[in-house]
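Engineer: I have a structure here, written as structure tokens, and I will follow up with some questions on it.
The values are calculated or read from the model by the stated rules, or taken from the named source; none is laboratory data. Small disclaimer: the values here were computed from a predicted structure and weren't measured. Every residue, glycine as well, gets a Cβ built from its backbone with ideal geometry; the counts of neighbours run over all protein chains shown. Ligands, DNA and RNA are excluded from the accessible area calculation, which covers all protein heavy atoms including side chains. Shrake-Rupley method; radii C 1.70, N 1.55, O 1.52, S 1.80 Å.
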Amino acid sequence: MSRIDENLHRILKDHGLTEYEIKTYLKLVFDGPATPFEISESVQIPYARVYGTLEGLEKRRWIRARPGRPVVYEANPPRSVAELELEQKQSEMVAFTNLMKQDLQAIYERREVVKNISLWVIHGGDKIAEKIGEIVSTAKTRAYLQFATLIPKDVEDLRAPLKAARERGVSVKILSFVNPRFVDQKSLSLLSDEAEVGVIQEPGEESPKPYNVCAVDGRDTVLTYLWNLETPNEPGSRIAFRLSDEEFAGVMDRYFEYYWLKARRI
């Protein structure tokens with residue numbers, strides 16, 4: 001068998017044709033119309049199987065029968081067969097896509113998912129800063145930090161790991177919701193030496209978002225909350241939660257990127 005015949009045979013087999021159907025169709029394409037007996041003799045298909053083979057190809061509209069005695073079969077033009085198959089596959093893909101995107105996606109979104117998530121609770125400003133520095137030091141591609149509260153002590157703890165991450169080629173971005181009571185402006189300016197910094201001006205003291213976020217590589221997240229909004233400058237007034245979950249970290253990434261587009265760079 002020639003190389004072109006081998007390629008044809010492989011492609012048609014991958015498309016779902018049986019060995020007998022492949023031999024029959026190629027026979028009719030190469031040699032022209034033929035009777036069932038001629039097909040059986042030419043490509044060595046048992047005569048008892050040739051009619052079932054022809055029926056299958058005719059049902060797929062790859063061949064057609066010429067009425068008469070004996071019946072003669074001929075191949076439909078390969079171009080029309082290809083167009084017919086493409087149309088069929090497109091219809092199948094539309095049906096498949098609708099099933100996946102609409103029916104099954106709706107079921108997927110309604111289901112209750114129980115996940116085992118690694119969660120650590122961290123108390124105290126020093127321990128929180130140490131943990132944030134630790135996960136930033138593991139960053140390979142990106143480290144996103146979102147501040148709603150920022151005190152001078154935070155900057156002291158963060159500058160070294162942020163600088164090291166940047167020197168490794170990590171994309172380090174800091175977003176701050178600037179509130180005069182909760183964010184120290186001088187500290188924020190110092191961080192701009194170690195990372196890209198964007199700010200969103202809060203309308204007033206009554207609109208704080210009392211939590212910070214550090215998300216690394218879409219896998220690790222640290223959320224830091226204030227115990228009491230009345231004491232934002234006290235390191236001991238904080239509690240943090242570290243989560244190792246890609247789905248949650250991905251959500252945090254998307255929130256960060258949404259606000260980053262709105263932020264003013266400094």
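Engineer: Could you tell me, in Å, what Rg and Dmax come out for the Cα atoms of segment 80-158?
Structural biologist: Using the Cα atoms of segment 80-158, the pair Rg, Dmax is 25.1, 74 Å.
Engineer: Turning to a different aspect of this structure: Given the whole protein assembly as supplied and a 1.4 Å probe, what does the accessible area of residue 107 come to in Å², nearest 10?
Structural biologist: Approximately 90 Å² for this residue.
Engineer: Next up: Quick one: how many Å² of residue 100 are accessible to a 1.4 Å probe, rounded to 10?
Structural biologist: 80 Å²
Engineer: I'd like the trypsin sites (Lys or Arg not before Pro) in segment 102-203 restricted to DSSP loop residues with at most 14 other Cβ atoms within 10 Å, sorted by number.
Structural biologist: When the trypsin sites (Lys or Arg not before Pro) of segment 102-203 are filtered for loop state and at most 14 Cβ neighbours within 10 Å, 111, 115, 140, 168, 181 remain.
Engineer: Please report the spacing between the Cα centers of segment 240-266 and segment 133-180 in Å, no decimals.
Structural biologist: Rounded to whole Å, the Cα centres lie 13 Å apart.
Engineer: Can I ask one more? In a shell of Cβ-Cβ distance under 12 Å around residue 219, excluding residue 219 itself, what net charge do Lys and Arg (+1) and Asp and Glu (-1) give?
Structural biologist: Value of the local net charge: -3.
Engineer: Here is a follow-up. Could you name the lysines in cross-link range of residue 153, using Cα to Cα under 25 Å and dropping any fewer than eight places away on the same chain?
Structural biologist: 127, 131, 163, 173, 186, 209
Engineer: Can you tell me the FRET efficiency between residue 89 and residue 5 if r is taken as the Cβ-Cβ distance and R0 is 22 Å, rounded to the nearest 0.05?
Structural biologist: About 0.35, to the nearest 0.05.
Engineer: Taking the structure as given and computing Rg/Rh (Cα atoms, Kirkwood Rh), which label from (i) 1.40; (ii) 0.93; (iii) 0.96 fits?
Structural biologist: Derived directly from the coordinates: (i).
Engineer: What's the magnitude of the charge dipole for segment 84-193 around its Cα centre, counting Lys and Arg as +1 and Asp and Glu as -1 at the beta-carbon? Answer in Debye, nearest 20.
Structural biologist: So the dipole magnitude of segment 84-193 works out to roughly 320 debye.
Engineer: Something else: Out of the DSSP beta bridges found with both residues in the chain, what percent are antiparallel (nearest 5)?
Structural biologist: Approximately 70 percent, going by the DSSP bridge assignments.
Engineer: To continue, here is another question. Can you list the lysines whose alpha carbon is less than 19 Å from that of residue 23, not counting same-chain residues fewer than 8 positions off?
Structural biologist: 13, 59
Engineer: Okay, next question. Dipole magnitude of the chain about its Cα centre, charges +1 at Lys/Arg Cβ and -1 at Asp/Glu Cβ only, in debye to the nearest 20?
Structural biologist: I would put it at about 460 debye.
Engineer: Excluding ligands, DNA and RNA, what is the solvent-accessible area per residue of the chain at a probe of 1.4 Å, expressed in Å²?
Structural biologist: For the chain, the solvent-accessible area averages 60 Å² per residue.
Engineer: What part of the accessible area of segment 53-108, given as a whole %, is carbon or sulfur when the probe is 1.4 angstrom?
Structural biologist: Ligands and nucleic acids excluded, carbon and sulfur give 56 percent.
Engineer: Any idea of residue 62's accessible area? Nearest 10 Å², probe 1.4 Å.
Structural biologist: 10 Å²
Engineer: Could I ask something else about it? Sum -39500 (n - 2.57) across every DSSP H segment of at least 4 residues in the chain, then divide by the residue count to get the 222 nm mean residue ellipticity, nearest 500.
Structural biologist: About -14500 deg cm²/dmol.
Engineer: Once you charge only the Cβ atoms, +1 for Lys and Arg and -1 for Asp and Glu, what is the size of the charge dipole of segment 1-121 about its Cα centre, to the nearest 20 debye?
Structural biologist: With Lys and Arg at +1 and Asp and Glu at -1, about 180 debye.
Engineer: For the chain, build the charge dipole from Cβ charges (+1 Lys, Arg; -1 Asp, Glu) around the Cα centre, then report which of 68, 148, 261 sits farthest towards its positive end.
Structural biologist: Positive-most Cα among the choices belongs to 68.
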